[in-house]
Amino acid sequence: MPSEPAVNGVLPAGNRPAEPFVLKSDPGKRWPILIAPTLAAVLVTAGSAAKAPALLVFGAPVLAVLLALAWANLYMSRTVVTADEIIMIGSCYRLRRSWRGATRVVRATVVAPRGPNPDTVFVLDERGQVLARFYGHFYTREDIDRLVGHLRLPVSGPGAPVTARQLDQMYPGIVPWYERQPLFLAGLLVGVIAVIVVVVGVGGAIGGLW
């Protein structure tokens, strides 16, 4: 009879793990991730509804569904590492990635602008391509230690916190372009939000909502 997979635990030694390793987010790290966005969304919706009550009919249900999905996903999400695959499971998705070709692990503390500095783990193949990535926002350092030990691959990385751009210089292609260009991404998001506000404002004026 097969045993239950260990949750955030250490498994038997060997070239490949004999049993699945289940990595779940730490309860203490869940709340800060969604509390601020939830409060901001509620305040923005309330402010918009005060000026245009008609928006409340459409906005409130959509907001409620999105927030419910976000919270459910945070609590239900987990990553399962088997002998062949890294499986990322959420409330509405299941992503499978083979790590048969993995040759090494890069572990780095990535400095985020105006945010936490997560302990991030990259699983790479022999060409330096990222097979899987684990974000430290959701896990304790001890759980990341167990994960790295479970993978049983050579580990490297910078000895001090680095920016995404600096990490990419050390390991070319390890982080996507938008992480290397945080200011550009922030400007792009502001521009998109401004366009949405203008479109909603013009559409509401034409439709007689305000």
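Here are the numbers:
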read-out	value
The lone exception for Val155 - which of (1) in contact with a helix residue (DSSP H, G or I) (Cβ under 9 Å, 6 or more places away or on another chain); (2) at pLDDT 85 or above; (3) surrounded by 15 or more Cβ atoms within 10 Å (Cβ to Cβ); (4) of a type outside the set (S, T, N, Q) it fails	(3)
Scan of the stretch 117-138 for residues that are outside any strand (DSSP E or B) and either open to solvent by 30 Å² or more (accessible area, probe 1.4 Å) or at positive phi (or both), ordered by number	Asn117, Glu126, Arg127, Gly128, Gln129, Tyr135, His137, Phe138
Residues located in the stretch 74-116, provided they are loosely packed, with under 15 Cβ neighbours inside 10 Å, in contact with a strand residue (DSSP E or B) (Cβ under 6 Å, 6 or more places away or on another chain) and farther than 20 Å from Pro20 by Cα	none
Residues satisfying the stated conditions in the stretch 73-94, i.e. in a strand (DSSP E or B) and farther than 15 Å from Leu147 by Cβ	Ile89, Arg94
Qualifying residue in the stretch 176-195 (condition: modelled with pLDDT under 85, among the acidic types (Asp, Glu) and open to solvent by less than 50 Å² (accessible area, probe 1.4 Å))	yes
Among the residues listed as Asn8, Asn73, Asn15, the single one being in contact with a Gly (Cβ under 8 Å, 6 or more places away or on another chain), at pLDDT below 80 and not aliphatic (A, V, I, L, M)	Asn73
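The values are calculated or read from the model by the stated rules, or taken from the named source; none is laboratory data. Everything quoted here is computed from the prediction, not taken from an experiment. Here Cβ is always computed from backbone atoms with ideal geometry, including for glycine, and neighbour counts include all displayed protein chains. Heavy atoms of the whole protein, side chains included, go into the accessibility calculation; ligands, DNA and RNA do not. Shrake-Rupley method; radii C 1.70, N 1.55, O 1.52, S 1.80 Å.
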